Each structure stands twice: as C-alpha cells, then as structure tokens.
Amino acid sequence: MSGFLEGLRCSECVDWGEKRNTIASVAAGVLFFTGWWIIIDAAVKYPTMEDFNHSYHACGVIATIAFLMINAVSNGQVRGDSYSEGCLGQTGARIWLFIGFMLMFGSLIASMWILFGGYVVKEKAVVYPGIAVFFQNAFIFFGGLVFKFGRTEDLWQ
C-alpha cells in the first residue's frame, strides 16, 4: 500500500521520489478538510434537532482523534526499527495503532448506522444530514490511510 504513487502512469514524467510525502500530505489534508466541510455544511443547512441531531458530530470527533492516533506512531516504531524505549516499546506502539484503527473503523461503521438507522429506515423527508455524517467519516478515514501509508520514512533522514 505504501507504493501506490509509483503505479501511476505518469511516473515517467514526474519524479515522485522527492515529492511523495508532499503529495500524500496534501491529499490527506484535502480529504480531511472535505470531510469536515461537508458536516459543517449540513449543520448550517439543518440547524434544528428534528432534521439533524447534533450529537451525531461525535462520530467525526472520534474519527479525528483516531486520525491523530494512527499517524502519531511511525512505521519504524511499529516494526521496532527506531523505538525500543518507553513504557511498552514496540508493543505499546502496536497497541496504540490498533486502538486508533479500531476507533477509525468504529466511527465509520457508526456513521453508516446513523445514515441507515436514523434517516433511510425512518424514511425522513431530509436525508442529507445522514449522508453528510457518513461522507465526513469516510473522507477522514481515507485521509488517515493516505497520510499513514502514502508517505515514506526514507525521505526523513
């Protein structure tokens, strides 16, 4: 997964080696921003609790915390190459990453439940807030994956 930029057809005309981290960071930032922009749009468009229950923002907040948790540990720390000290060492880094991915997947699944359980099954007249919650979490999820696996640590030295 970390070599997805090399598979693009234009790899002959652009040197991805030096720009890989920049492109992955910008792409992840755009995805993260788009997710929050969608939910802010839904909150502004439907300010009443009948149309959009504002407790649904908790999914996006948990996804944001998971985004930060996943990207707080480097791949070298998880492999044990660059981190051997601390409270739990390599095992602690793996547990931290696992909890981050659990929170990320949990928020994505919860957003699907909000969409279908809160809007589609109840046949509400307004479905956009449910779609916005789902897309917010989907964009944050994919932004986290791009930021974690799209960059390379070889360029950091």
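Computed from the coordinates by the stated procedures, all read-outs in this text should not be read as laboratory data. Computed from a predicted model, the values in this text were never measured in an experiment. Ideal geometry is used to build each Cβ from the backbone, glycine not excepted, and the neighbour counts take in all protein chains shown.
List of remarks:
- Calculated from backbone phi, Karplus (6.51, -1.76, 1.60) coupling profile of the stretch 27-33 in Hz, x at Gly/Pro: 4, 5, x, 5, 5, 4, 4
- Proportion of all alpha-carbon pairs of the stretch 20-151 beyond 25 Å (%): 34
- Computed over the Cα atoms of the stretch 95-157, pair by distinct pair, the Kirkwood hydrodynamic radius stands at 13.3 angstrom.
- Added length on full extension, which subtracts the Cα-Cα distance from 0.36 nm per residue, F98 to E50: 13.7 nm
- N71/F116 FRET efficiency (R0 41 Å; Cβ-Cβ; nearest 0.05): 0.90
- Pair V78, T152: separation of 7 Å Cα→Cβ label points (nm): 1.8
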